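**Student:** Got a structure for you, written out below as structure tokens; questions coming shortly.
The values are calculated or read from the model by the stated rules, or taken from the named source; none is laboratory data. All of these numbers come straight from a predicted model, not from anything done at the bench. Glycine gets a Cβ as well: all are built from the backbone with ideal geometry, and neighbour counts include every protein chain shown. All accessible areas refer to the heavy atoms of the entire protein, side chains included, with ligands and DNA or RNA removed. Shrake-Rupley method; radii C 1.70, N 1.55, O 1.52, S 1.80 Å.
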Amino acid sequence: MKEYFLLFISAIFVNNIVLAQYLGNCPFIGTSKKISVALGMGGAVVFVATMAASITWAVQEYLLAPLGLEYLQTLTFILVIAALVQFVEMFLKKVVPPLYKALGIFLPLITTNCAVMGIAIICQREEFTFVKTVAFSFASGLGFMLALVVLSAIRERIEVSRTPNAMKGTPIALIMAGLMSLTFFVFKGMI
């Protein structure tokens, strides 16, 4: 149990997929203008990352490795992630249309979100069991969501404060992301 707790804490804080491993920066900056959008995007990434890592683990374990087709790993993983994103897109369009509209182009871009692909590959590289893969991918998705929500809260606060015109928008978001990344390095000594 302690092993899974440490894996969970490590994935969220110490090795945060965005702030420590620098994966998924495009949707991190692009969907962090409002907290409501950040929560929706974070939830979608948690779902897709967990499902993608679980399915790709099974594909790798029971299809690619036994048949000696490991060289097709990247292509196979992209196909699995693309199918899951299509499912999430159809679900949100039908059930939560305002969130679907707010996510805009960033929802289909989860397909190419290197954070989702990175989580699946890290699980294979570390040779996690299926349970560890599910725990790690879920926690990594939560870490992505935490970073996204914190950055959107900061950006909403900055939006109503006086900021030089040259720093408004993406420049101040990148500076804040850098400062958040430095702040998360405090957790490096925890585990």
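**Student:** So which residues in segment 112-149 are crowded, with 19+ Cβ neighbours inside 10 Å and either free of Cβ contacts under 8 Å to residues at least 40 places away in the same chain or not in a helix (DSSP H, G or I) (or both), if there are any at all?
**Tutor:** Matches in segment 112-149: 113, 122.
**Student:** I'm trying to understand the selection: among the residues of segment 100-111, which are open to solvent by 40 Å² or more (accessible area, probe 1.4 Å) and hydrophobic (A, V, I, L, M, F, W, C)? Before you say what the answer is, go through the steps one by one.
**Tutor:** Kept after step one, since they are open to solvent by 40 Å² or more (accessible area, probe 1.4 Å), are these residues of segment 100-111: 100-102, 105-106, 108-109.
Across segment 100-111, the qualifying residues are 102, 105, 106, 109.
**Student:** If you don't mind, there's one more thing I want to ask. Tell me the residue from 170, 183 that is under 19 Å from residue 17 (Cβ atoms), exposed (fewer than 13 other Cβ atoms within 10 Å of the Cβ) and either at pLDDT below 90 or out of contact with any Asp or Glu (no Cβ under 9 Å at 6 or more places or on another chain) (or both), please. Explain how you work it out, then say what you get.
**Tutor:** Numbers: 170 fails: under 19 Å from residue 17 (Cβ atoms).
The conditions single out 183.
**Student:** Let me ask something additional. May I ask you to list pairs of residues, at least six apart or on different chains, whose Cβ atoms are under 7 Å apart, with the first in segment 68-97 being of a type in the set (Asp, Glu) and the second being surrounded by 17 or more Cβ atoms within 10 Å (Cβ to Cβ)?
**Tutor:** Listed by first residue and then by second, the contacts come to 70/64; 89/107.
**Student:** Given 45, 59, which one is in contact with a Pro (Cβ under 9 Å, 6 or more places away or on another chain) and in a helix (DSSP H, G or I)? Even if it seems obvious, please write down each step before you answer.
**Tutor:** Numbers: 59 fails: in contact with a Pro (Cβ under 9 Å, 6 or more places away or on another chain).
It is 45.
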